Amino acid sequence: MILDPEQEQKVITALSLLTEPVVISIHSNQWDSPATQAIQDLVNFTVSLMPERISSELIETRDPSALDPTVTIRNREGHVFGVQFIGAPSGLEYRAFIDAVVASTSTADLSPMWSRLLQEIHHPVKATIFVSPT
């Protein structure tokens, strides 16, 4: 992944907000596929920007119906942050990926409105968001 120095510094600044270490997990059973290779390159680049707070792991996908490849984010204790990226979150999606990495450990105060709304949710919520470059 190639970012100009200003963009790279913005990503480093965002990643510096991590309050605890995270592990970016790549799930696949097609390790030689171009899609999985693209994710590995993107994750390796991201880890290189903040290696003291971010690490990565490769996980063999055992479910043949699972979307492959997939990226998840977890803390070192194993808690998985509830966002998955299917395919490489590159290009315009990279910012959303960085935001998800940072949010996975965020203890930042939410606005009162968001705090109140989130406290009203008492069951798991699943949102599927599809992004296309066109």
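The values are calculated or read from the model by the stated rules, or taken from the named source; none is laboratory data. Predicted model, so just to flag it, every value in this text is computed and none were measured. Cβ sites come from the backbone with ideal geometry, for glycine too, and all protein chains shown count toward neighbours.
Data for the structure
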{"quantity": "Count - residues of segment 98-114 that are in contact with a helix residue (DSSP H, G or I) (Cβ under 8 Å, 6 or more places away or on another chain) and modelled with pLDDT of 85 or more", "calculated": "4"}
{"quantity": "Looking only at segment 21-51, and only at residues there that are assigned to a loop (DSSP other than H, G, I, E, B) and free of Cβ contacts under 8 Å to residues at least 12 places away in the same chain, the one that is nearest to residue 9 (Cα to Cα)", "calculated": "51"}
{"quantity": "Total residues in segment 57-75, condition buried (at least 16 other Cβ atoms within 10 Å of the Cβ) and among the basic types (Lys, Arg)", "calculated": "0"}
{"quantity": "The one condition in (1) of a type outside the set (Asp, Glu); (2) loosely packed, with under 10 Cβ neighbours inside 10 Å; (3) at pLDDT 85 or above that residue 54 fails to fulfil", "calculated": "(2)"}
{"quantity": "Hits in segment 76-96 - residues which are surrounded by fewer than 11 Cβ atoms within 10 Å (Cβ to Cβ) and without any contact (Cβ under 8 Å) to a residue 12 or more places away in the chain", "calculated": "77, 78"}
{"quantity": "Every residue from segment 1-20 that is outside any loop (DSSP other than H, G, I, E, B) and buried (at least 16 other Cβ atoms within 10 Å of the Cβ)", "calculated": "11, 14, 15"}
